[in-house]
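See structure below.
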Amino acid sequence: MDPKRLNILRKRLRNARGVTLVEILIVLAIVGLIAGGVAVFAVPKFKEASIKSSKIDAQTLQPIADKYRADHPGDECPTVQLLKDKKEISGASKVTDAWEHAYIVECETDETYIRSWGPDGKANTQDDIVIPEKKAGE
């Protein structure tokens, strides 16, 4: 290699500056602020999507449970797992809500309800999902 070129390369290497710790910390702080801002908006949307998804699943299961009751009068109220075992719903169907709790089928004389305990996973709280929605006093 030409000695002139070699000297130029050595000067460039000597003058080249690395990234300082302060610069790295500033970049990390900016990335942290951006991630925090995204989380503020994303977490509530995720919760809304989980509730909506569970409602849609329950709305899909409700007529299937109704049909099963009509086809099997006198039988006990079916469970979602029984509907899956009897191939009333696909074997690949999800039988749990967005929080991995099994849906509950509740049978009354004239109506079949599908219930999810909701985000808190506790029975009979305000965030329960019931399809069809029960009227006040039921």
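Nothing in this text is a laboratory measurement; each read-out follows from the coordinates by a stated rule. None of these values were measured; they are calculated from a predicted model. Cβ coordinates were reconstructed from backbone atoms using ideal geometry, including for glycine residues, and neighbour counts include every protein chain displayed.
Have a look at A92, A70, A39, A35 and point out the one that is under 20 Å from P132 (Cβ atoms) and among the hydrophobic types (A, V, I, L, M, F, W, C).
So the residue among A92, A70, A39, A35 that is under 20 Å from P132 (Cβ atoms) and among the hydrophobic types (A, V, I, L, M, F, W, C) is A70.
Any chance you could count how many residues in region 98-138 are among the charged types (D, E, K, R), within 21 Å of R69 (Cβ to Cβ) and in a loop (DSSP other than H, G, I, E, B)? Steps first, please.
Quick first cut of region 98-138, residues among the charged types (D, E, K, R) only: 100, 106, 108, 110-111, 115, 120, 122, 127-128, 133-135, 138.
This time we only want the ones that are within 21 Å of R69 (Cβ to Cβ), so: 106, 108, 110-111, 115, 133-135, 138.
Then drop every residue that is not in a loop (DSSP other than H, G, I, E, B), which leaves 108, 110-111, 133-135, 138.
Residues that pass the stated criteria total 7.
Among the listed residues A39, A92, identify the single one that is assigned to a helix (DSSP H, G or I) and not hydroxyl-bearing (S, T, Y).
Matching residue, one of A39, A92: A39.
Do any residues in region 68-79 that are on the phi > 0 side of the Ramachandran plot have Cβ atoms under 6 Å from those of residues that are charged (D, E, K, R) and outside any helix (DSSP H, G or I), where the two are at least six apart or on different chains, and which pairs are they?
Within 6 Å, no pair qualifies.
From the residues in region 42-83 that are surrounded by 15 or more Cβ atoms within 10 Å (Cβ to Cβ) and of a type in the set (D, E, K, R), which one is farthest from S116 (Cα to Cα)?
R69
This table checks each residue for (1) over 22 Å from W99 (Cα atoms); (2) hydrophobic (A, V, I, L, M, F, W, C).
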| residue | (1), (2) |
| --- | --- |
| V38 | yes, yes |
| V43 | no, yes |
| A49 | no, yes |
| K52 | no, no |
| Q59 | no, no |
| A65 | no, yes |
| D71 | yes, no |
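Counting only residues that are surrounded by fewer than 16 Cβ atoms within 10 Å (Cβ to Cβ), of a type in the set (A, V, I, L, M, F, W, C) and more than 24 Å from D75 (Cβ to Cβ), how many does region 98-122 have?
Total meeting the criteria: 1.
Being in a helix (DSSP H, G or I), without any contact (Cβ under 8 Å) to a residue 12 or more places away in the chain and more than 30 Å from K134 (Cα to Cα): is that true of K11 here?
Yes.
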